[in-house]
Structure formats: C-alpha cells, structure tokens
Amino acid sequence: MKALPISALFALVTLIGAHNAFAQVPQVKVDVQEIEVQVQNTPSFEAGNVKDKKIPNPKEWLEVEVKFECQTTSPDGLVPSLDLRYYIAIKGDGKTTMFQGDVRHVNIPAKEEMYSVVYLSPSSLIKATGKPRGFSTSDLYGVAVEVTYDGRVVTGMSEGGSGSWWKSASVSPVMEVLPKSETPFALLWLDRYADTQDDGRGR
C-alpha cells in the first residue's frame, strides 16, 4: 500500500476537522412574535440608613421589548447565544434620529416564551425630540430588531416606518440603545428576560 504524501494527509485532516466543526453547530430557528414599546419612569427604590429624597418628576425612558421563541437541535435544549440588534427611529423638530444597539443573549431555553429588552435614556429622548418631558410613542417613526445566530441574520421584525427603513436610512445611527443591565431597571423583572452576556447570569 502506497503511503499518502504529508501534504495530502494535512489536507485530509483539515477537511475532517472543518466537517466536524460544522456538524457541531446546532441548527436554530427563531420566531420573533411581538415588539412592545412603552414609556417608563425612572424606578424609585428604598434603602435603609439614608435620608429619603423626594423626586417629584421622575425622568422618562423609552422601553422596547421583544417577545420571541427558539427551536434548536442542540441535545441540551439550549441556544448558546443570539445577538439582537435594535433600531429605534424618533421624530424630532424637522429631523428623524435613528438609534442603534446590540444585546447578546446566552443559554436561551428552546420552546419557551422569552423576552429581550432595551432602553433609550432620558437624555437620548431629549436629544431626539428637544422635549425634556412628555415623550409618547407617537414620537416614534419606527422600531426594528434583527436576530443573528452563528454570524448570520436569521429573522427580524419591525413596527412602523416604511419597508426596511433602518437599512435605507440616510443618517448614521446614534449608538445609545442601552441594555437593561446599564439602566436603573437592571435589578427588576430578572426572571422575565433571557440571560445576557453582561448581566452576570449568563456566565
């Protein structure tokens, strides 16, 4: 039997390794079911051993929540990670400002109703509208989300706007969409939302 040359053996091992790596990536299907947008006031908390301070007019935050469900071929029933990219366009005085931000969810259970959430801060809302208070969902032009798995966009959803408005926008996005972990809402409703890479629960 004639031995294979070293170069041929190397090519064969590389091909087998690439095939195994591809086979190890679980197949995933994501169904984005709903986008809900609402205005939230800055939450108030009580603490001991400090003097309470009244805040008569809490500031306003824009909350964007996405409901979704996953299917996977992974034997443990978990999707290792999903990246959600949010686009939020707000109408202002003669202009529209588009905000953008990403959230990476990890260890997402399949066949369960899951939620993702992001926020725009009070200062971002003022920047877009020029109004210190009184923001409402009627000030929105549109909201969209794209879901990426294993480096490719697998699904998405949009509310408002016209067509794929976030792809054809002529303005550069403002990178100020915040994950829940970077807002005063970080400790609220923990069991409602899918774990994220930066909230300490997804490690």
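The values are calculated or read from the model by the stated rules, or taken from the named source; none is laboratory data. Predicted, not measured: the structure shown is a model, and the values here were computed from it. Here Cβ is always computed from backbone atoms with ideal geometry, including for glycine, and neighbour counts include all displayed protein chains.
Just to be sure I understand the filter: pairs with C-beta atoms under 7 Å, separated by 6 or more residues or on different chains, first member in region 165-193 and within 19 Å of Leu84 (Cα to Cα), second member of a type in the set (Lys, Arg) and modelled with pLDDT of 95 or more. Which pairs pass?
Short answer, once both residue conditions are applied: Ala186/Lys180; Tyr193/Lys180.
Test each condition in (1) over 10 Å from the mean Cα position of the chain (by Cα); (2) in a strand (DSSP E or B) for Gly101 and report the one that comes out false.
(1)
For region 142-180, give me each residue that is of a type in the set (Ser, Thr, Tyr) and either surrounded by 18 or more Cβ atoms within 10 Å (Cβ to Cβ) or modelled with pLDDT under 95 (or both).
Listed by number, the residues that qualify are Thr148, Tyr149, Ser158, Ser162, Ser164, Ser168, Ser170, Ser172.
Residue under question is Thr72, and the condition is that it be free of Cβ contacts under 8 Å to residues at least 60 places away in the same chain, crowded, with 16+ Cβ neighbours inside 10 Å and among the hydroxyl-bearing types (Ser, Thr, Tyr); does it hold?
Yes, satisfied.
Answer yes or no as to whether Val64 is touching a Phe, Trp or Tyr at 6+ places or on another chain (Cβ under 9 Å), of a type outside the set (Lys, Arg) and closer than 17 Å to Gly142 by Cα.
Answer is yes for this residue.
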